[in-house]
Every structure is written in C-alpha cells, then in structure tokens.
Amino acid sequence: MKTVQVQYYAVLREQRGAGSDELNTEADSLRALYDELRARYGFSLDADRLRVAVNSEFRDWAAPLNDGDTVVFIPPVAGG
Amino acid sequence: MFQLSPELLRIHVYEAELRDPRAGAYVSFEGWVRNHQHGRPVLRLEYEAYADLALKEGGRILEEARERFRLYNAACVHRTGALAIGDAAVWVGAVSAHRDAAFDACRYIIDEVKVRVPIWKKEYYEDGYSGWVNCENCAAHAKDK
C-alpha cells in the first residue's frame, strides 16, 4: 500500500468535484491508478486520451507508482 | 521566457524586454478570444493551467526554438482565468537578425504550445452550455451552472 497525491485539472477536476486527493492505493502503475480512480469517480475520458505527469514531469503510463508521488492526469490540452 | 498571467497581457512590456540592438526582425503572434466556435456563439471563456508543468514545458519549447532558429530572443505569455471576447489569450514574440528566423520561430512556438503545454480552455456559449475544448465527448454538453 502506498500513499500518493493526485491533482485534478479541467474536466477531471469537475468530474471529481475537487482539485486534489491524498489516497492510499495498491495500484502498481500509473495506468492502474487512473483506472482505479476512473471506476470510483466516473471519469469520462479513457486513459488513451490522457497524458500523465509525476512530480511535475511527463511520464509513461507504464511507469511505476511510488509512495509519496504527486500524480496529475492531463486531459487533451487546448491552449492558444 | 515562458510565463502564465492571471491578468490582462501587457504586450508592450513583453515586447520591450525582447529588444536587442542586433535584431532586425521582431515577429509576434497574439491569440484572441473569438465570439464563435464551430458556428456556435461564444460569450466568454476560461483558461486553467497546471502551472508547474506548463512553465517547464513552455520553457522547453522556447529552448527548442532557440536551437532550431537563429534567434536573439523569444518569449511567450499565456493567460489563465476568465477572459472576455477580444482579450488576448496568448502572445508569442521572436527576435532575430533577419525575418525568416523570427517568422519560423514564432510559428513553431505557438504550434507547439497549443499541443504540448498543459493548459485547458473552457468555452461558455450563448445557449447556456459550456465545455472543455478538445474534450467534447466528456463535457461539452454539461449545463452551465
């Protein structure tokens, strides 16, 4: 079991109803963590449409999840 | 330098910071808030940024532009928060000895910023609906509260 911080932005923030969570999880990858949270909160976006960052750097979905990580799931961006 | 601004862009200030006595060309791009999207009237919009990563990724794009083009300087500032029709949402400036590099760099920077920097745009439509751009199938039809 590890403890991680998750921050939510844009559509994920609205669907979560909060900007962040601290949670305990058994997920061993970023993909597994997203799927767990998607099941819990009903996120409409599939992981294939998102990018993911850990500790303020982009990461692969297959990257391991470590105790103390801060994770951000990144919906399709729309700057400019 | 890449920056985020929660307030109106002060483009004349950013321009002044790019000035260089070696420069013969300054090319800028401003993205403005338009009053329609896909034929649908838009009243206003909001930008939200994941600031830590947006600043890093924006900085990387500017570094890439400096490596690819013969620039003396380049910068980009993107708005966050609530914007009205006509407001500048983003400004890019590129400065070089001759115009080709500045044009090419300006185009490169805005194109990369739009697809890589974690900034999101929510549009509020005249018909009362709102939606996150590029997430149409997840939120476009959420009723504006």
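The values are calculated or read from the model by the stated rules, or taken from the named source; none is laboratory data. Note that the structure is a prediction, hence the values are computed from the model and not measured. Here the Cβ positions follow ideal geometry from the backbone for every residue, glycine too, while neighbour counts run over all protein chains shown.
Is it the case, given these coordinates, that A:L33 is more than 22 Å from B:E46 (Cβ to Cβ) and among the aliphatic types (A, V, I, L, M)?
yes
Out of the residues in region A:48-75 meeting the condition of being of a type in the set (A, V, I, L, M) and either away from every other protein chain (no Cβ under 13 Å) or touching a residue at least 24 places away in the same chain (Cβ under 8 Å) (or both), tell me which one is surrounded by the fewest Cβ atoms within 10 Å (Cβ to Cβ).
A:A62
Among residues belonging to region B:41-56 that are touching a Phe, Trp or Tyr at 6+ places or on another chain (Cβ under 8 Å), within 13 Å of chain A (Cβ to nearest Cβ) and among the charged types (D, E, K, R), point out the one that is surrounded by the most Cβ atoms within 10 Å (Cβ to Cβ).
Within region B:41-56, the match that is surrounded by the most Cβ atoms within 10 Å (Cβ to Cβ) is B:E48.
I'd like to verify a number: residues in region B:100-121 that are acidic (D, E) and within 14 Å of chain A (Cβ to nearest Cβ), how many?
2
Could you please find all residues in region A:13-45 being without any contact (Cβ under 8 Å) to a residue 12 or more places away in the chain and at the interface with another protein chain (Cβ under 10 Å from one of its Cβ atoms)?
Within region A:13-45, A:R13, A:E14 qualify.
Table: residues versus (1) in contact (Cβ under 8 Å) with a residue 40 or more places away in the chain; (2) in a strand (DSSP E or B); (3) not hydrophobic (A, V, I, L, M, F, W, C).
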site	(1), (2), (3)
B:D52	no, no, yes
B:G59	yes, no, yes
B:E63	no, no, yes
B:L83	yes, yes, no
B:A101	yes, no, no
B:A105	yes, no, no
B:D111	no, no, yes
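Take region A:35-62 and flag every residue that is part of a strand (DSSP E or B) and aromatic (F, W, Y).
A:F58
So is A:A10 surrounded by 15 or more Cβ atoms within 10 Å (Cβ to Cβ) and under 30 Å from B:G31 (Cβ atoms) or not?
Yes.
Being assigned to a strand (DSSP E or B) and over 15 Å from B:P6 (Cα atoms) is the filter; apply it to region B:85-99 and report the residue that is nearest to the other protein chains (Cβ to nearest Cβ).
Among them, the one singled out is B:V92.
For region A:69-80, give me each residue that is in a loop (DSSP other than H, G, I, E, B) and over 16 Å from A:S29 (Cβ atoms).
The answer is A:P75, A:P76, A:V77, A:A78, A:G79, A:G80.
Can you tell which of B:A88, B:A97, B:A82 is under 14 Å from the mean Cα position of the chain (by Cα) and either surrounded by 16 or more Cβ atoms within 10 Å (Cβ to Cβ) or at pLDDT 95 or above (or both)?
B:A88
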